[in-house]
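To start, the structure under review is shown below, and the notes come after it.
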Amino acid sequence: MAGNPTFKSIRRCGRACWGAMRSLSPAAVAVTLALAVGGAGIADAATGGAFILGRANSESSKATLSNSRGTPLALSAKAGSPPLAVNRTVMVKNLNAQYVGGLAAGSLRTTGGIGVTRTGANIHITGGSYTIVAATGNLPAGTYYVSATALVDVAAGGGGTFCIITNGTGTAFAFGGGNQENFVQASETAVVSVPAGGVLQERCNTVSNTATSNVYNAGIAAIRLLSSSRGT
């Protein structure tokens, strides 16, 4: 306080000033001291007062900041420090953020594709080549957990059936089926990296092409993974 200009002026004034202050009302003296202390930077800004940088500021009613020409507030912090801190987990309405947990909004949306045959419908398959029995639509780029299934009625002489998850270019990511005839439940699962616009398919065939077999209730589902972890 000794370095404050207000106190220096009062000290130089001497008895005359103190006599004048004694003639003031208690309220006026309180206001004078409050101004002197506030000028020294000790008191915090309160409701109706100026915002003091580098000091704790408080108020009893909501303050509003607006800018008719653009962004009303910009915060900048040193590297490694958050530019904003809050003390509650209550939801902030209408808050629009570009990143949540380091992920962009597009990465937070659960995306994928699904393809299922109509119940009771059958798809004819034979040996020699794989026939598409279910397929997803075009997928956004990403890593997908893929599950596919098909009930295959292997005809006599078919020798069994095998189904695969493929990306349509001949790459097989998973196999399912069996070497027996009659009804075989084929199931396949895989984790697949898909480029933008890629399609995943389930394809089935029979071991032998001597007879036509039928596929019922085929389906494939691909769910994009939002995060991944790597082990050794």
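Show the residue pairs that are 6+ apart or on different chains and have beta-carbon atoms under 7 Å apart, the first residue being within segment 180-203 and over 28 Å from Gly157 (Cα atoms), the second being of a type in the set (Val, Ile, Thr) and in a loop (DSSP other than H, G, I, E, B).
What qualifies is Val199/Thr136; Leu200/Thr136.
Answer yes if at least one residue in segment 91-108 is part of a strand (DSSP E or B), surrounded by 11 or more Cβ atoms within 10 Å (Cβ to Cβ) and in contact with a strand residue (DSSP E or B) (Cβ under 8 Å, 6 or more places away or on another chain), and no otherwise.
Looking for residues that are part of a strand (DSSP E or B), surrounded by 11 or more Cβ atoms within 10 Å (Cβ to Cβ) and in contact with a strand residue (DSSP E or B) (Cβ under 8 Å, 6 or more places away or on another chain), one finds none in segment 91-108, hence no.
Considering only segment 161-190, state which residues are of a type in the set (Gly, Ala, Ser) and surrounded by 18 or more Cβ atoms within 10 Å (Cβ to Cβ).
Matches in segment 161-190: Ala174, Gly176, Gly177, Ala186, Ala190.
When you go through Pro26, Pro72 one by one, which is the residue that is out of contact with any Phe, Trp or Tyr (no Cβ under 8 Å at 6 or more places or on another chain) and modelled with pLDDT of 90 or more?
Of the residues listed, the single one that is out of contact with any Phe, Trp or Tyr (no Cβ under 8 Å at 6 or more places or on another chain) and modelled with pLDDT of 90 or more is Pro72.
Suppose the filter is more than 18 Å from Asn138 (Cβ to Cβ), β-branched (Val, Ile, Thr) and under 37 Å from the mean Cα position of the chain (by Cα); does Val191 pass it?
For Val191, the condition - more than 18 Å from Asn138 (Cβ to Cβ), β-branched (Val, Ile, Thr) and under 37 Å from the mean Cα position of the chain (by Cα) - is met.
Does any residue of segment 164-175 turn out to be free of Cβ contacts under 8 Å to residues at least 24 places away in the same chain and part of a strand (DSSP E or B)?
yes
Is it the case, given these coordinates, that Tyr216 is touching a Lys or Arg at 6+ places or on another chain (Cβ under 7 Å) and either in the same structural domain as Thr126 (by TED's automatic domain parsing) or assigned to a strand (DSSP E or B) (or both)?
no
Got a number for residues in segment 128-148 being surrounded by 20 or more Cβ atoms within 10 Å (Cβ to Cβ) and either under 15 Å from Val215 (Cβ atoms) or not aliphatic (A, V, I, L, M) (or both)?
Of the residues in that region, 6 qualify.
Given Ala156, Ala141, which one is among the hydrophobic types (A, V, I, L, M, F, W, C) and out of contact with any strand residue (DSSP E or B) (no Cβ under 7 Å at 6 or more places or on another chain)? Write out each step before concluding.
On the way: Ala141 fails: out of contact with any strand residue (DSSP E or B) (no Cβ under 7 Å at 6 or more places or on another chain).
Just one listed residue meets the conditions, Ala156.
Being hydroxyl-bearing (Ser, Thr, Tyr) and either in contact (Cβ under 8 Å) with a residue 40 or more places away in the chain or farther than 19 Å from Gly102 by Cβ (or both) is the filter here; which residues of segment 53-87 pass it?
Ser58, Ser60, Ser61, Thr64, Ser66, Ser68, Thr71, Ser76
Within segment 203-216, is there a residue that is closer than 30 Å to Ala104 by Cα and surrounded by 17 or more Cβ atoms within 10 Å (Cβ to Cβ)?
Within segment 203-216, none of the residues are closer than 30 Å to Ala104 by Cα and surrounded by 17 or more Cβ atoms within 10 Å (Cβ to Cβ).
The values are calculated or read from the model by the stated rules, or taken from the named source; none is laboratory data. Quick caveat, the model's predicted, so the values are computed rather than measured. Cβ coordinates were reconstructed from backbone atoms using ideal geometry, including for glycine residues, and neighbour counts include every protein chain displayed.
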